[in-house]
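Structure first, then comments.
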Amino acid sequence: MIKPYLAIAKKSFQNNLAYRADYYAGLINTLILIFVNIAIWKAIYGEDGSYDGVQLKIVLTYIVLGFLMQSFFIMDDYFIQNKITNGLISSDLLKPISFRMLVFSYNLGAAGFKILMNLIPAIFISLLFFEFLPPFSMSMFVFFILSLCLGYLVLYCLNFIVWVTAFWFYQTFSLVTIKDALIAVLSGALIPLWFMPTWLYNFIKMTPFDSIYYIPITIYLGQTPSNEILTVLLKQVLWIALLTVIGHFIWKAATKKLVVQGG
Amino acid sequence: MDKIRPYTKIELLKILFMFFKMNLKSMLEYKFDRFFIALAIFVREMVSIVIMFLILTRFVTIGGWTIHEMFFLYSFLFLSYSIFVFFFTGIRDFDDMVYQGSLDRYLIRPLGLIFQVVSARIDFTATIGHGAVGIILFLYTYKTVGIVWDFKSITYYASALIGGAIIQAALFMISSCFSFWTIRTVNLRNLIFFNCRRFAGYPISFYPGFVQKLLIFIVPFAFVSYFPAQYFLRKPDLSMFWSGYLYLTPLIGVAMFALVYMFWRMGLKRYSSAGN
């Protein structure tokens with residue numbers, strides 16, 4: 001049952017190998033983003049980090065982790081749209097496999113590539129050149145990895161809902177770009193959420209956005225008390241479930257709507 | 001056979017106007033779509049502004065710079081980029097023109113190539129998207145950062161914006177030169193351009209020395225945002241740099257563009273089409 005999906009993931013992994021320039025670019029982008037943001041946070045805290053020496057290190061670790069995660073959380077936002085505009089969607093839907101699983105395996109393969117070719121080199125370079133605290137404890141590191149995977153799934157389910165709108169709009173650039181902007185601001189990918197105004201922080205807590213980056217990173221930093229770990233992990237799982245259900249209904253509506261262009 | 005009479009200035013202006021009208025019409029054909037693309041670009045560019053706003057509401061200043069001063073500096077980046085895309089979309093997309101062979105169409109027309117490249121395409125959505133961010137930032141800050149808007153400062157401001165736009169045009173044109181030798185440098189160009197632009201959104205004094213040197217001497221984004229803003233703001237970190245830099249923006253723009261243009265002419269001479 002799982003075999004065709006593994007093949008798809010492998011193919012997507014190999015496809016990425018062909019675009020060597022892209023992965024150098026991805027790696028350099030990640031490193032420069034980390035570099036710029038470290039410079040800015042150091043400027044915020046002043047020359048010697050005197051605001052509170054410990055806190056600067058926590059913030060820097062937060063920022064580095066956030067960009068490292070982003071380096072492989074990037075997904076192909078136009079995979080479904082391209083399938084629709086070039087008509088391949090109809091043959092894919094006829095195949096005896098689930099199209100939604102096909103999209104998921106494709107993204108998983110690409111993520112595997114990015115972990116191997118972008119994330120791992122970026123971690124090594126970050127360890128060498130950037131200030132970077134180790135995980136709070138071994139058990140927190142295990143929870144972090146678990147929460148990281150859940151965060152990826154939350155992002156994937158959210159993305160999927162946006163991607164499927166291609167069945168109605170055909171061109172989803174605007175929607176995808178606005179979605180990315182919302183995630184960038186609200187997920188805590190670029191700024192620790194604890195620096196946000198209280199009303200905004202409380203609002204974000206009610207959305208799926210903090211499940212993507214903020215929850216995993218705060219677990220890594222040991223800022224989530226151990227008796228709350230299960231609660232935040234459960235929150236991530238609930239968001240995955242809810243978004244999957246929404247995605248399911250939109251998907252059903254979309255396939256009914258499908259108009260294939262061309263003969 | 002009659003010799004082709006060169007176009008007069010008036011005729012060239014008419015052609016320019018017609019190209020402008022064509023571009024506008026093709027945009028208005030899909031106004032709904034284009035509106036949302038411009039909106040999306042606007043929202044995307046606002047991300048860094050919102051993040052900066054959130055940081056500064058919390059910390060009040062960064063390295064002695066207040067939110068108004070930071071936004072004033074940032075506005076140069078957006079306004080000059082907006083001017084750049086309005087006038088030089090063709091230079092931005094030049095690699096594609098060569099790659100797809102549409103350059104050949106330009107070459108057989110009885111018009112100067114650079115004239116056509118510059119005038120034939122206008123990316124209105126990018127102009128509006130970036131321009132809107134720039135205008136918002138400018139309106140938010142122009143009264144509060146202590147600038148007396150007299151003739152002298154307005155002249156400096158305008159020349160800095162235009163100079164900044166030309167610097168960016170020259171940077172893009174370097175990569176289009178390579179396309180005459182059918183070397184594709186779009187990815188490399190975007191990597192260098194947009195990452196350096198990222199640095200230039202904050203005062204360059206925040207960065208280590210080698211980044212400052214990079215932004216002054218190699219990819220001179222410091223002259224697009226930092227030095228023009230410092231001409232007005234005179235924050236103390238200016239003492240790290242030679243004060244003459246404050247006045248160099250238009251000069252660097254023109255010098256770079258002239259140099260790159262020469263290189264571009266050379267490339268054009270040895271260009272042979274990629275087509276069949």
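Data for the structure
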quantity	calculated
Residue among A:161, A:178 that alone is open to solvent by 20 Å² or more (accessible area, probe 1.4 Å), assigned to a helix (DSSP H, G or I) and away from chain B (no Cβ under 11 Å)	A:161
Candidate set: the stretch B:244-274, residues that are over 19 Å from residue B:113 (Cα atoms) and free of Cβ contacts under 8 Å to residues at least 60 places away in the same chain; chosen: the one surrounded by the fewest Cβ atoms within 10 Å (Cβ to Cβ)	B:244
Count of the stretch B:61-111 residues which are among the aliphatic types (A, V, I, L, M) and modelled with pLDDT under 85	6
Test for residue B:50: is it under 27 Å from residue A:37 (Cα atoms) and hydrophobic (A, V, I, L, M, F, W, C)	yes
Whichever residue in the stretch B:31-77 is among the small types (Gly, Ala, Ser) and more than 24 Å from the chain's Cα centre (by Cα) and, among such residues, is nearest to residue A:184 (Cα to Cα)	B:63
Residue count, the stretch B:47-70 (criterion: facing chain A (nearest Cβ under 7 Å) and in contact (Cβ under 8 Å) with a residue 40 or more places away in the chain)	2
Residue A:102 vs. criteria open to solvent by 20 Å² or more (accessible area, probe 1.4 Å) and in contact (Cβ under 8 Å) with a residue 24 or more places away in the chain	no
Any hit, the stretch B:74-86, residues being in contact with a helix residue (DSSP H, G or I) (Cβ under 7 Å, 6 or more places away or on another chain), more than 30 Å from residue B:183 (Cα to Cα) and within 12 Å of another protein chain (Cβ to nearest Cβ)	no
Yes/no for residue A:255 being among the hydroxyl-bearing types (Ser, Thr, Tyr) and assigned to a helix (DSSP H, G or I)	yes
Odd one out for residue A:1 among (1) under 21 Å from the mean Cα position of the chain (by Cα); (2) at pLDDT below 90	(1)
Scope the stretch A:183-222; condition in a loop (DSSP other than H, G, I, E, B) and within 14 Å of another protein chain (Cβ to nearest Cβ); matching residues	A:187, A:188, A:189, A:190, A:191, A:192, A:196, A:197, A:213
Filter result for the condition that a residue is on the phi > 0 side of the Ramachandran plot and surrounded by fewer than 18 Cβ atoms within 10 Å (Cβ to Cβ), over B:112, B:101	B:101
Residue within the stretch B:154-172 that is at pLDDT 90 or above, within 14 Å of chain A (Cβ to nearest Cβ) and under 14 Å from the mean Cα position of the chain (by Cα) present	no
Single unsatisfied condition, residue B:200 versus (1) touching a residue at least 12 places away in the same chain (Cβ under 8 Å); (2) open to solvent by 10 Å² or more (accessible area, probe 1.4 Å); (3) over 17 Å from residue B:89 (Cβ atoms)	(2)
Condition broken by residue A:137, with the remaining ones in (1) crowded, with 17+ Cβ neighbours inside 10 Å; (2) among the hydroxyl-bearing types (Ser, Thr, Tyr); (3) more than 30 Å from residue A:15 (Cβ to Cβ) satisfied	(1)
Residues of the stretch B:17-46 classified as open to solvent by 60 Å² or more (accessible area, probe 1.4 Å), at pLDDT below 85 and more than 9 Å from chain A (Cβ to nearest Cβ), total	5
Residue list for the stretch B:197-236, filter: in contact with a helix residue (DSSP H, G or I) (Cβ under 7 Å, 6 or more places away or on another chain) and at the interface with chain A (Cβ under 9 Å from one of its Cβ atoms)	B:198, B:199, B:201, B:202, B:203, B:205, B:206, B:207, B:211
Filtered residues of the stretch A:34-54 (kept if open to solvent by 40 Å² or more (accessible area, probe 1.4 Å) and either at pLDDT 90 or above or within 12 Å of chain B (Cβ to nearest Cβ) (or both))	A:35, A:42, A:47, A:51
Tabulated pairs, the stretch A:16-41, first closer than 29 Å to residue B:52 by Cα, second of a type in the set (Asp, Glu) and at pLDDT below 80, C-beta under 9 angstrom, 6+ apart or interchain	A:38/A:131
Condition check for residue B:121: over 18 Å from residue B:82 (Cβ atoms), at pLDDT below 90 and of a type in the set (D, E, K, R)	no
Given (1) out of contact with any Ser or Thr (no Cβ under 7 Å at 6 or more places or on another chain); (2) farther than 24 Å from residue A:44 by Cβ; (3) open to solvent by 40 Å² or more (accessible area, probe 1.4 Å); (4) hydroxyl-bearing (Ser, Thr, Tyr), number of the condition residue A:170 does not satisfy	(1)
Considering residues of the stretch B:136-187 that are surrounded by fewer than 15 Cβ atoms within 10 Å (Cβ to Cβ) and among the aromatic types (Phe, Trp, Tyr) only, the residue nearest to residue B:260 (Cα to Cα)	B:181
Some residue of the stretch B:164-183 being out of contact with any Ser or Thr (no Cβ under 6 Å at 6 or more places or on another chain), touching a residue at least 12 places away in the same chain (Cβ under 8 Å) and not in a helix (DSSP H, G or I)	yes
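The values are calculated or read from the model by the stated rules, or taken from the named source; none is laboratory data. Just so it is clear, the structure is predicted and the values come from calculations on it, not from any experiment. When we count neighbours, we look across all protein chains shown, and the Cβ atoms used for this are built from the backbone with ideal geometry, even at glycine. These area figures cover heavy atoms from the full protein model, side chains too; ligands, DNA and RNA do not enter into them. Shrake-Rupley method; radii C 1.70, N 1.55, O 1.52, S 1.80 Å.
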